[in-house]
Amino acid sequence: MAANRKHACDVAVMGGGISGLVAAVRCAQGGLRVLVLERQSGERYLCNSRLSAGVWHLCASDITEAPATLESKIREATAGEADPALARVVAHDAVRVVDWLRELGIRFMKGPYAYQRFVMAPPAVSPQGASWDGRGPDVALRMLEEKLHALGGSVLRGHRVTGLLSPQQEIDGLHGLTQSSEPFEVHARDVIIADGGFQSDPELVREWIAPDPDRLLSRNSRASTGDGLRVARAAGGAASDLRGFYGHLLSKDAAHNEALSPYPYLDYLATAGVVVDAAGRRIADEGRGGVFLANRVAARSDMGEHFVVTDQRIWEECGTFRITSPNPLLARLGATVHQADTLEAAARLAGIDAPALAATVAAYNQAVSEGTTAHLEPARSADRYKPWPLAFPPYHVFPVLPGITYTMGGIAIDAYARVLAGPGAPVSHLYAVGCAAGGLEGGSSHGYVGGLVKSGVTGLRAAEHILGLLG
């Protein structure tokens, strides 16, 4: 067996995405010796932050809004389930972390919408397919790593963490295996878990997200398999509510057509029309947004096919809403759409129970006309997304599947990103940041807040707590 490689530092960081590198650089700025362990190899390893659109927002709102307003929006988006302390610090520190990144030379620009005040430059949003090379998030990660090296820290690629070094139950670093199966140890005073969640672990996804993980599309780097969650639990750490993921409804054809992921997604159509199963029944409140609908379809993934149904007016008006909108990209890129002059004919083309769909849409249209959609079963809210009647042929039926980007639940942490063994009981010298941590998003409401801001704020706060600047 190969000799055990041993390293020593002050802070060991598990994961080289945005949250891990923010924490690493901030610790190094304070004079600490920092080592980042990244499980993937390659100079520009893929992680969700490198693949992201680079938009720093909170609940699709401008992060320069008053912190109290942002806190309120977090509570609303998560149906009050977000940890109040985490909601408060994320709302208050969102601008601070962007300012810190700008001081390092990372550039931001304004996007076309109000919530896109801070978009990493050059922008990464493309009409379809993955386009990350040389875009803002890719540039930012490279700059953070260069800054870390300049401060004396380093990143070890191809190093997968499998556990903590805990003699006498006190954390002394971590251990794992290299890609060539050589064991390694890193002795460190503090450990920061930043591995990005568990979206690529089929068993954890089956337990918490979807009974049939094969019916979800990995709209992510496929690199986060819950190692951090397992490590934290083995050390006595608790988990937040692990339900809920950030993602979107995609064309079912995205499963074999890479041009249809991560964009265009069908949320703008789904929140105006109806989402049904093969029996022709609505499955959820379309007014709660695309992330919620993706979660509901995922939760029903063992119950067959699901569809977004619209008419021509929705297709022409809501379908062209943004640069990543489905009209005309879906058809141009080869996505399946069943179109006919009657609902029954479109249903038969799609394999939906035609009389049942006609009855569902008739009841829905009547409720829209009378303003009584809240009395439908399931209820259809109207405060966030306007319900449109389906009354203008031709009708369009799109087979869909949920695309998962990252899991929103994770390791339980406090406002300093310390891993908690229970309420108010932190595990000494162990932190979790970014999408490895829970307590802010997800839960029973599948409430989405914003992955980049959460990652930046928790990474910065973990480092500053280690440096003695907080708490």
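Using θ = phi - 60° and the Karplus curve 6.51 cos²θ - 1.76 cosθ + 1.60, what whole-Hz ³J(HN,Hα) does each residue of the range 383-400 get, with Gly and Pro shown as x?
So the Karplus estimates, Gly and Pro as x, are 7, 9, 10, 5, x, 9, x, 9, 9, 10, x, x, 9, 10, 10, 10, x, 10 Hz.
Tell me, what is the per residue accessible area of the range 88-156 in Å², probe radius 1.4 Å?
47 Å²
Of the beta bridges DSSP finds with both residues in the chain, what % are antiparallel, to the nearest 5?
That works out to approximately 65 percent antiparallel.
For Ile171, what accessible area in Å² do you get when you roll a 1.4 Å probe over the heavy atoms of the protein chains, rounding to the nearest 10?
Here the accessible area works out near 20 Å².
What shape does the range 325-410 take by its C-alpha gyration tensor, where a ≥ b ≥ c are the square roots of the eigenvalues and a/c under 1.5 counts as rounded, a/b above b/c as prolate, and the rest as oblate?
Note, shape of the range 325-410 comes out oblate.
Over the range 86-227, how many percent of alpha carbon pairs lie in each 10 Å bin up to the one with the longest distance?
All Cα pairs considered, the percentages come to 9, 23, 35, 27, 5, 0.
Report the Stokes-Einstein translational diffusion coefficient (µm² s⁻¹, integer) for the range 139-289, Rh taken as the Kirkwood radius over Cα pairs, at 4 °C with viscosity 1.567 mPa s.
68 µm²/s
Once you have a ≥ b ≥ c as the square roots of the Cα gyration tensor eigenvalues for the range 1-64, tell me rounded if a/c is under 1.5, and otherwise prolate or oblate according to whether a/b is larger than b/c.
oblate
Pick out the long, greasy-scoring helices in the chain: whole DSSP H runs spanning 20 Å or more along their own axis by Cα, mean Kyte-Doolittle at least 0.5.
354-370
Taking the solvent-accessible surface of protein heavy atoms with a 1.4 Å probe, what is the per residue accessible area of the range 308-370 in Å²?
Result: 46 Å² per residue.
Efficiency by 1/(1 + (r/R0)^6): what FRET value for Glu203 and Leu165, r their Cβ-Cβ distance, R0 = 22 Å, to the nearest 0.05?
0.25
Between Ala66 and Arg233, how many nm apart are label points set 7 Å from Cα along the C-beta direction?
4.2 nm
What is the percent of Cα-Cα separations in the range 92-159 that go past 20 Å?
Tail of P(r) above 20 Å: 40 percent of Cα pairs.
Please count, across the chain, the pairs of lysine residues with Cα atoms under 27 Å apart that sit 8 or more places apart or on different chains.
So the count works out to 8.
Can you give me the accessible area per residue for the range 389-468, using a 1.4 Å probe, in Å²?
Here the residues of the range 389-468 average 21 Å² of exposed surface.
Check Gly447: other-chain or 5+ apart residues with amide H under 5 Å from its amide H, H built from backbone geometry?
Hits under the 5 Å cutoff: Gly442.
Can you give the helix-only mean residue ellipticity at 222 nm for the chain, where every DSSP H stretch with n ≥ 4 adds -39500 (n - 2.57) and the sum goes over all residues, rounded to the nearest 500 deg cm²/dmol?
Using -39500 (n - 2.57) per qualifying helix, the result is -9000 deg cm²/dmol.
Test of the criteria: in the range 354-432, which trypsin sites (Lys or Arg not before Pro) are in a DSSP loop and have at most 15 other Cβ atoms within 10 angstrom of their Cβ?
Of the trypsin sites (Lys or Arg not before Pro), the ones in loops of the range 354-432 whose Cβ has at most 15 other Cβ atoms within 10 Å are Arg384.
In whole Hz and in residue order, list the ³J(HN,Hα) couplings for the range 409-414 that follow from phi through the Karplus curve 6.51 cos²θ - 1.76 cosθ + 1.60, θ = phi - 60°; x for Gly and Pro.
Per residue, the Karplus-derived 3J(HN,Hα) values read x, x, 5, 6, 9, 9 Hz.
Taking 7 Å along the Cα-to-C-beta vector as the label spot, tell me the Phe321-Lys6 distance in nanometres, rounded to one decimal.
For Phe321 paired with Lys6, the spin-label model returns 5.8 nm.
Between Arg313 and Ala150, what's the calculated FRET efficiency when r is the beta-carbon distance and R0 is 51 Å? Round to 0.05.
About 0.35, to the nearest 0.05.
What part of the accessible area of the chain, given as a whole %, is carbon or sulfur when the probe is 1.4 angstrom?
Carbon-and-sulfur percentage of accessible area, whole number: 50.
Let's see if you can work this out: charge +1 on each Lys and Arg Cβ, -1 on each Asp and Glu Cβ, no other charges. What is the dipole magnitude of the range 289-373 about its Cα centre, in debye to the nearest 20?
Magnitude of the dipole: close to 300 debye.
How many nm is it between the label spots at Ala279 and His92, if each spot is 7 Å from the Cα in line with the beta carbon?
4.9 nm
Given R₀ = 41 Å, FRET efficiency for Lys110-Asn365 by Cβ-Cβ distance, to 0.05?
Once rounded, the FRET efficiency stands at 0.55.
With a cut-off of 12 Å, note down the residues of the range 352-385 whose backbone N falls inside the zone around a label point 7 Å from the Cα of Glu305 toward its beta carbon.
The answer is 352-354, whose backbone nitrogens lie closer than 12 Å to the label point.
Amide H to amide H, which residues 5 or more places from Arg5 or on other chains are under 5 Å from it, using H placed in the peptide plane?
Close amide H contacts, sequence-distant or interchain: Phe184, Glu185.
Step through the residues of the range 263-275 one at a time and calculate ³J(HN,Hα) from phi using the Karplus curve (6.51 cos²θ - 1.76 cosθ + 1.60, θ = phi - 60°), rounding each to whole Hz and writing x for Gly and Pro.
Values per residue, Gly and Pro as x: 10, x, 9, 9, 4, 5, 7, 5, 7, 9, x, 10, 10 Hz.
From the protein chains alone at 1.4 Å, what is the descending order of accessible area for Met109, Met120, largest first?
Met109, Met120
With every protein chain left in place, what is the accessible area of Tyr416 in Å² (1.4 Å probe, nearest 10)?
60 Å²
The values are calculated or read from the model by the stated rules, or taken from the named source; none is laboratory data. Here the structure is a predicted model, which is why all the values come from computation and not from measurement. Neighbour counts run over all protein chains shown; Cβ positions are idealised from the backbone, glycine included. Just so you know, the surface numbers come from the protein's heavy atoms only, side chains and all, with ligands and any DNA or RNA stripped out. Shrake-Rupley method; radii C 1.70, N 1.55, O 1.52, S 1.80 Å.
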